[in-house]
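The next block holds one structure in the form of structure tokens; read it before the comments.
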Amino acid sequence: MNEPEEGVPDAPSTPAASPSAASAPAASAPAASAPAASGFSRPLVMGALITAFVVFLAGVAATGYFVVDRTFGDENAASGERGVSVFLCVPTTTNSACVTKTASELQKQDIKRRLEAMPQVRRVTYESQQQAYERFKKLYAHDEEFMARTRMSDLPDSFRVQVADEEAAKAVKAAIEGAPGVDTVVIDPVAPRA
């Protein structure tokens, strides 16, 4: 292990290596330090170069992943679309505007027609109480106590609305809030991206 590498001569035994060489002229210093200038062994240098190259490739791959993920990972991310949730009246609501306590079929039809007529709206999807309850059970499967206290009738029917952008979301909220059968209108938060 301590043998000199092939092609690298042993350090010459010159007067510069002796203690009295400290006062020797500077001209003899390069000859004594020439072998020490390469100081790193070839395997060490190659290992460092390979490691640097692998780290570089990992950085390129990670950057590519995040660019692709941000562009194609969420269909709404590239388009700037926003979601608006229109929750309908249910018996457990505290909103005094929900006089009948449950949105009627006529109210639901009217709300859907009004939403679809708005130029800002790109897509309207109805979610029934049953669908909302199924989604609730998946989201809160880890919290048995919360699930035990929540009944399907506690969750409202809703319309999930996709609009072009934040301004369109605000316009839809202002237009539909307070309509008969509507409990609450919420502009969905933009999901944080990893």
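The values are calculated or read from the model by the stated rules, or taken from the named source; none is laboratory data. From a predicted model like this one, the values you see are computed outputs, not experimental measurements. Positions of Cβ are backbone-derived with ideal geometry, glycine not excepted, and every protein chain shown enters the neighbour counts.
Close Cβ contacts (under 8 Å, 6 or more residues apart or on different chains) running from residues in region 109-121 that are among the charged types (D, E, K, R) to residues that are part of a helix (DSSP H, G or I) comprise ARG114/ALA175; ARG114/ILE176.
Of the residues ALA179, ALA164, which single one is touching a strand residue (DSSP E or B) at 6+ places or on another chain (Cβ under 7 Å) and at pLDDT 90 or above? Going through ALA179, ALA164 in turn, just one is touching a strand residue (DSSP E or B) at 6+ places or on another chain (Cβ under 7 Å) and at pLDDT 90 or above: ALA164. Considering region 90-131, the residues that are surrounded by 17 or more Cβ atoms within 10 Å (Cβ to Cβ) and among the aliphatic types (A, V, I, L, M) include one that is farthest from VAL161 (Cα to Cα), namely VAL90.
Any idea which of ALA132, ALA141, ALA179 is touching a helix residue (DSSP H, G or I) at 6+ places or on another chain (Cβ under 9 Å), free of Cβ contacts under 8 Å to residues at least 60 places away in the same chain and part of a loop (DSSP other than H, G, I, E, B)?
Numbers: ALA132 fails: part of a loop (DSSP other than H, G, I, E, B); ALA179 fails: free of Cβ contacts under 8 Å to residues at least 60 places away in the same chain.
None of the others qualify; the one that does is ALA141.
Under the condition of being among the small types (Gly, Ala, Ser) and closer than 14 Å to ARG114 by Cα, the residues counted in region 159-194 number 6. Is there a residue being assigned to a helix (DSSP H, G or I), in contact with a strand residue (DSSP E or B) (Cβ under 8 Å, 6 or more places away or on another chain), over 19 Å from ALA169 (Cα atoms) and in the same structural domain as PRO156 (by TED's automatic domain parsing) anywhere in region 102-119? Yes; the residues of region 102-119 include at least one that is assigned to a helix (DSSP H, G or I), in contact with a strand residue (DSSP E or B) (Cβ under 8 Å, 6 or more places away or on another chain), over 19 Å from ALA169 (Cα atoms) and in the same structural domain as PRO156 (by TED's automatic domain parsing). State yes or no: is PRO189 surrounded by fewer than 14 Cβ atoms within 10 Å (Cβ to Cβ), closer than 29 Å to GLY80 by Cβ and touching a helix residue (DSSP H, G or I) at 6+ places or on another chain (Cβ under 9 Å)? Considered against the rule, which asks whether it is surrounded by fewer than 14 Cβ atoms within 10 Å (Cβ to Cβ), closer than 29 Å to GLY80 by Cβ and touching a helix residue (DSSP H, G or I) at 6+ places or on another chain (Cβ under 9 Å), PRO189 comes out as no.
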